[in-house]
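Throughout, read-outs are computed from the coordinates displayed, never taken from laboratory work. Computed from a predicted model, the values in this text were never measured in an experiment. With ideal geometry, Cβ positions are generated from the backbone for all residues, glycine too; neighbour counts draw on all protein chains shown.
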Amino acid sequence: MTSRIPPALLRFARLLGVALALAALAGCATTGRVDRNEALREAQYTWSAAIRWGDFEGAWTLVDPAYREAHPLTELEMQRYQQVQVSAYHELGATVGPDTATRPIEIGVVNRHTQVERQARYVERWRYDAATERWWITSGLPDLWQD
């Protein structure tokens, strides 16, 4: 005995199949695009890890190229960063817009020669570059020698 599928159920099944296919295609189309918030989180994680581990040369590569060109880092300045050890890196909040972000930071700094620890405050400023689909830090390396 053969059963016959009602035409309304057959139409519904076809529409459901088309809807699922379109949803799958829409999901594929968005996976190639960079999610700005995720890109910001990754950039900030990479930046904070470089600072925490004292990789100031690596952190310098994450600084906005326009800033690096306008404020070149001297060998003497880089040597000053080698005299300190970062002991803490705490985010104190964040403000995120579509193309900019700011994040106040408190950094624990230990002088390698005197072993004296102090705290430095720093505000990270970020800019999204749509052409490269990446975030750049526009505030430069943190000033660890503020008064």
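Here are the numbers for the structure shown:
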| read-out | value |
| --- | --- |
| Computed label-point distance, nm, for sites Asp143 and Val123 using a 7 Å Cα→Cβ extension | 1.2 nm |
| Residue order, fewest to most beta carbons within 10 Å, for Leu141, Leu76 | Leu76, Leu141 |
| Where labels lie 7 Å past Cα in the beta-carbon direction, separation of Leu76 and Tyr45 in nm | 3.9 nm |
| Compactness of the stretch 36-137 - radius of gyration and Dmax, Cα, Å | 14.3, 46 |
| Considering only the stretch 36-137, percent of DSSP beta bridges that pair antiparallel, nearest 5 | 95 percent |
